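Taking it in order: structure first as structure tokens, then the write-up.
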Amino acid sequence: MDGRRVFRWWRRLAAMTQKEVLQLGRDLPLLLFLLYSFSLSVYISGVGITMQLRNAEILVHDGDHSLSSRELIHRFQPPYFRFKGEVADPREGLRQLDAGTAMVLLDIPPRFHEALAAGESTAVQLLVDTTNAPQGLSAASYALRIAGGFGSEAGLASLGLSGAQANLPLVMSAHRVWFNPNQDETWFQSISHVLRMITVFAVLLPAIALVREKERGTVEQLLVSPLSPFQIMLSKVLAMTAVILICTAIAVYGVLRPVFHVPMKGSAWAFFFLTALHIFTTAGLGLVAATVTRNQAQVGMMTLFLVGPMMLLSGLNTPYESMPGWVQTVMAFSPLRYYIDITYGVLLKGAGLDVLWKPAGTMALLGGGLFGFGMWRFRRQFD
């Protein structure tokens, strides 16, 4: 008898899960949006978003017009800088920086070549527009390296040691780049976008499925059926988890690997298993949102309210360790915080469950708590 009950329980759950998949299949606009989000949108984010300095427009005020000044100017080359032209007056360069038509103004003083030839110290002025702070700081850093290298060569030349530089004691900085040796930024941008889409739809789809029942008045019919509240909610989570996993596979094997050549150094099975765990965990937030909203429009607004802070503060775009202590404490309850480490660990580092068991375990505990809270809210709402 107990075996028959268990069989009927699983049969009802499978039937409800199949019903949710069929119902989603009839929503053509949502399906098209899903396909776009995990295919073309991933490609656009990979090729269209860059955090590195590219073609920063540089103006020059050359007060010396000498061999040395021309040599220094010539070193500001693409892909980091793009020469925009010379200005006769530094104030004209400042006006263009204020207008946003240039990012950098290099001001070379008179007697620049003469001072270098005599072994005297001299200075050039670099004015940088840091309205876009990351790009401005990168421009200042690259310019400092260029000017520093030029100054070292000029100093050795003034001492007649340019040909004997190799015989001087030097401190060399050798560095190794792990996991992304070519420093290909498209890997980071495309993976980050996939994580954003997984998180958004993990909250949105189960919440929409549950609210749709409330809008159509069928949730009361489900509650008086032999189905338990747990089966009603779990079927929606299982169906949407399967759909999101299929979309994730499309993103990984249709865009990330063939287009951007993102490796899969770890186990693909481990990646999709942990992705399913993240979807289940995050779906708990969607179920909680569905219990406090009455229609799909409200669900969309609630999703923005929940997912926005998660994506901004969980370390998806900026280092988690650089955030204030109280933000790190709050984001310890964010499933995305742990899924980021898991994804990069499996894809780029080849880590397995023996390394990732701690974030995976924490994510599972969060998922159980969120799902339990959502089910409690659901029962209380219809008692």
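Results, tabulated for the structure shown:
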| quantity | calculated |
| --- | --- |
| Verdict on ARG196 being within 28 Å of LEU277 (Cα to Cα), surrounded by fewer than 23 Cβ atoms within 10 Å (Cβ to Cβ) and more than 25 Å from the chain's Cα centre (by Cα) | no |
| So THR343, is it over 30 Å from THR293 (Cα atoms), modelled with pLDDT of 90 or more and of a type in the set (S, T, N, Q) | yes |
| The stretch 30-79, residues that are among the hydroxyl-bearing types (Ser, Thr, Tyr) and surrounded by 18 or more Cβ atoms within 10 Å (Cβ to Cβ) | SER37, SER41, TYR43, SER45, SER66, SER68, SER69 |
| Enumeration of residues in the stretch 98-125 that are closer than 28 Å to THR50 by Cα and buried (at least 18 other Cβ atoms within 10 Å of the Cβ) | ALA102, MET103, VAL104, LEU105, LEU106 |
| Close pairs from the stretch 175-196: first in contact (Cβ under 8 Å) with a residue 12 or more places away in the chain, partner part of a helix (DSSP H, G or I) and among the polar types (S, T, N, Q), Cβ under 7 Å, at least 6 apart | GLN189/SER45; SER190/SER45; ILE191/THR343; HIS193/SER41; HIS193/SER45; VAL194/THR248; LEU195/THR343 |
| Strands (runs of 3 or more DSSP E) (entirely within the stretch 81-145) containing at least 2 residues that are touching a residue at least 40 places away in the same chain (Cβ under 8 Å) | 104-108 |
| The stretch 20-29 - residue that is open to solvent by 60 Å² or more (accessible area, probe 1.4 Å) and either aliphatic (A, V, I, L, M) or in a helix (DSSP H, G or I) (or both) and, of those, farthest from ILE146 (Cα to Cα) | LEU22 |
| Residue within the stretch 356-369 that is free of Cβ contacts under 8 Å to residues at least 60 places away in the same chain and polar (S, T, N, Q) present | yes |
| Residue identified as modelled with pLDDT of 85 or more and more than 30 Å from LYS349 (Cα to Cα) among GLY85, GLY163, GLY155, GLY151 | GLY85 |
| Enumeration of residues in the stretch 334-360 that are assigned to a helix (DSSP H, G or I) and either hydroxyl-bearing (Ser, Thr, Tyr) or open to solvent by 30 Å² or more (accessible area, probe 1.4 Å) (or both) | ARG337, TYR338, TYR339, ASP341, THR343, TYR344, LEU353, ASP354, VAL355, TRP357, LYS358 |
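The values are calculated or read from the model by the stated rules, or taken from the named source; none is laboratory data. None of these values were measured; they are calculated from a predicted model. Methodologically, a virtual Cβ is constructed for each residue, glycine included, from the backbone with ideal geometry; neighbour enumeration extends over all protein chains shown. Surface areas here come from the heavy atoms of the whole protein model, side chains and all, with no ligands, DNA or RNA. Shrake-Rupley method; radii C 1.70, N 1.55, O 1.52, S 1.80 Å.
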